[in-house]
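Novice: Okay, here's the structure, questions in a sec.
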Amino acid sequence: DGGITQSPKYLFRKEGQNVTLSCEQNLNHDAMYWYRQDPGQGLRLIYYSQIVNDFQKGDIAEGYSVSREKKESFPLTVTSAQKNPTAFYLCATGVKDNSPLHFGNGTRLTVT
Amino acid sequence: EDQVTQSPEALRLQEGESSSLNCSYTVSGLRGLFWYRQDPGKGPEFLFTLYSAGEEKEKERLKATLTKKESFLHITAPKPEDSATYLCAVPRGGNKLTFGTGTQLKVEL
């Protein structure tokens, strides 16, 4: 089945630790995105990549890092510099400008 | 700066009670508007794309419409399985989307 796989579904970490969230897609889409969702707020863009080996900061990139070494994969690292890391993280893919994005089922990260 | 506002924040309906959700937007040159459905603990699921004022799209009990300032998601004779959060979003170049905060719909028997 074609789709976007995010893992793990739930992740728990202690404050001060870096953590990496996985996103894999087999849709053959060029563009990949990371969004963060918090209660009462719209989805906010963290990072995006439109081609392998290239990525750009979104609206809230501070405290996060990404890599895009393969078309299929776009992992997100939440570093200890992120002040409020507890959130629901969503990975998405896109085909072309002004077309809808396709989302994975998210990773819920809890940092205590 | 592009803005998307959804109302109401929450809506409770009885099964069969039709209603509408609103998405108003302020963008410099509309390139489309998307509706998504999101179930608890899941990612948003794409429903509709609307590109120009006057356009309408339908899927089962849902119908989306678009004017120059806002979009409506009309729900006709809803069922409990229509309960979800409905999100709208507008593109702002490079496939980046600006999302509204959503309307949480609960349909009761």
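Novice: In region B:1-26, what residues are assigned to a loop (DSSP other than H, G, I, E, B), in contact with a helix residue (DSSP H, G or I) (Cβ under 9 Å, 6 or more places away or on another chain) and crowded, with 16+ Cβ neighbours inside 10 Å? Before the answer, list the steps.
Specialist: First pass over region B:1-26, keeping only residues assigned to a loop (DSSP other than H, G, I, E, B): B:1-2, B:8-9, B:15-18.
Remaining after also requiring in contact with a helix residue (DSSP H, G or I) (Cβ under 9 Å, 6 or more places away or on another chain): B:15.
Correct list: empty.
Novice: Given the criteria of a type outside the set (F, W, Y) and over 18 Å from A:P39 (Cβ atoms), does B:L33 qualify?
Specialist: Values: of a type outside the set (F, W, Y): yes; over 18 Å from A:P39 (Cβ atoms): yes.
In short, yes.
Novice: Further question: Which one of these does B:E58 not meet: (1) touching a residue at least 12 places away in the same chain (Cβ under 8 Å); (2) in a strand (DSSP E or B)?
Specialist: Among (1) touching a residue at least 12 places away in the same chain (Cβ under 8 Å); (2) in a strand (DSSP E or B), the lone unmet condition for B:E58 is (1).
Novice: For the structure I just gave you, tell me whether A:F74 is in contact with a strand residue (DSSP E or B) (Cβ under 9 Å, 6 or more places away or on another chain), within 13 Å of chain B (Cβ to nearest Cβ) and either under 30 Å from B:L50 (Cβ atoms) or surrounded by fewer than 14 Cβ atoms within 10 Å (Cβ to Cβ) (or both).
Specialist: On the way: in contact with a strand residue (DSSP E or B) (Cβ under 9 Å, 6 or more places away or on another chain): yes; within 13 Å of chain B (Cβ to nearest Cβ): no; either under 30 Å from B:L50 (Cβ atoms) or surrounded by fewer than 14 Cβ atoms within 10 Å (Cβ to Cβ) (or both): yes.
Against the criterion (in contact with a strand residue (DSSP E or B) (Cβ under 9 Å, 6 or more places away or on another chain), within 13 Å of chain B (Cβ to nearest Cβ) and either under 30 Å from B:L50 (Cβ atoms) or surrounded by fewer than 14 Cβ atoms within 10 Å (Cβ to Cβ) (or both)), A:F74 does not qualify.
Novice: Can you name the condition, by its number, that B:K79 falls short on among (1) buried (at least 18 other Cβ atoms within 10 Å of the Cβ); (2) under 21 Å from B:D39 (Cβ atoms)?
Specialist: (1)
Novice: Output the number of residues of region A:70-112 satisfying the condition of being more than 12 Å from the chain's Cα centre (by Cα) and not small (G, A, S).
Specialist: Narrowing region A:70-112 to residues more than 12 Å from the chain's Cα centre (by Cα): A:70-72, A:79-86, A:94-102, A:110-112.
Those still in the list that are not small (G, A, S) too: A:70-72, A:79, A:82-86, A:95-98, A:100-102, A:110-112.
Total meeting the criteria: 19.
Novice: Something else: For A:P39, work out the one condition from (1) more than 9 Å from every other protein chain (Cβ to nearest Cβ); (2) farther than 20 Å from B:G93 by Cβ; (3) assigned to a strand (DSSP E or B) it doesn't fulfil.
Specialist: A:P39 satisfies all of (1) more than 9 Å from every other protein chain (Cβ to nearest Cβ); (2) farther than 20 Å from B:G93 by Cβ; (3) assigned to a strand (DSSP E or B) except (3).
Novice: Next up: Looking at B:T26, B:T5, B:T76, B:T65, which one is touching a His at 6+ places or on another chain (Cβ under 9 Å) and among the β-branched types (V, I, T)?
Specialist: Numbers: B:T26 fails: touching a His at 6+ places or on another chain (Cβ under 9 Å); B:T5 fails: touching a His at 6+ places or on another chain (Cβ under 9 Å); B:T76 fails: touching a His at 6+ places or on another chain (Cβ under 9 Å).
Result of the check over B:T26, B:T5, B:T76, B:T65: B:T65.
Novice: Of all the residues that make up region A:98-112, how many are within 14 Å of chain B (Cβ to nearest Cβ) and either modelled with pLDDT under 95 or assigned to a strand (DSSP E or B) (or both)? Full working, then the answer.
Specialist: From region A:98-112, those within 14 Å of chain B (Cβ to nearest Cβ) are A:98-110; that's our starting set.
From what is left, the residues that are either modelled with pLDDT under 95 or assigned to a strand (DSSP E or B) (or both) are A:98-103, A:107-110.
Here the count works out to 10.
Novice: For region B:65-85, does any single residue satisfy the condition of being within 14 Å of chain A (Cβ to nearest Cβ) and charged (D, E, K, R)?
Specialist: no
Novice: Consider B:T65 carefully, then state whether it is surrounded by 18 or more Cβ atoms within 10 Å (Cβ to Cβ) and either modelled with pLDDT under 95 or over 27 Å from A:F88 (Cα atoms) (or both). Steps first, please.
Specialist: Details: surrounded by 18 or more Cβ atoms within 10 Å (Cβ to Cβ): yes; either modelled with pLDDT under 95 or over 27 Å from A:F88 (Cα atoms) (or both): yes.
Judged against the criteria, B:T65 is a match.
Novice: Taking the condition within 14 Å of chain B (Cβ to nearest Cβ) and surrounded by fewer than 21 Cβ atoms within 10 Å (Cβ to Cβ), does A:I4 pass?
Specialist: Details: within 14 Å of chain B (Cβ to nearest Cβ): yes; surrounded by fewer than 21 Cβ atoms within 10 Å (Cβ to Cβ): no.
Answer is no for this residue.
Novice: Hey, another quick one. Somewhere in region A:90-97, is a residue crowded, with 21+ Cβ neighbours inside 10 Å, touching a Lys or Arg at 6+ places or on another chain (Cβ under 7 Å), within 12 Å of chain B (Cβ to nearest Cβ) and in a strand (DSSP E or B)? Break it down into steps so the answer makes sense when it comes.
Specialist: Start the filter on region A:90-97 by keeping residues that are crowded, with 21+ Cβ neighbours inside 10 Å, which leaves A:90-94.
Next, only the ones that are touching a Lys or Arg at 6+ places or on another chain (Cβ under 7 Å) stay: none.
No.
Novice: Are any residues in region B:86-109 more than 10 Å from every other protein chain (Cβ to nearest Cβ) and either touching an Asp or Glu at 6+ places or on another chain (Cβ under 7 Å) or crowded, with 16+ Cβ neighbours inside 10 Å (or both), and if so, which ones?
Specialist: B:Y86, B:T103, B:Q104, B:L105, B:V107, B:E108, B:L109
The values are calculated or read from the model by the stated rules, or taken from the named source; none is laboratory data. Quick caveat, the model's predicted, so the values are computed rather than measured. All Cβ positions, even for glycine, are placed from backbone atoms using ideal geometry, and neighbour counts span all protein chains on display.
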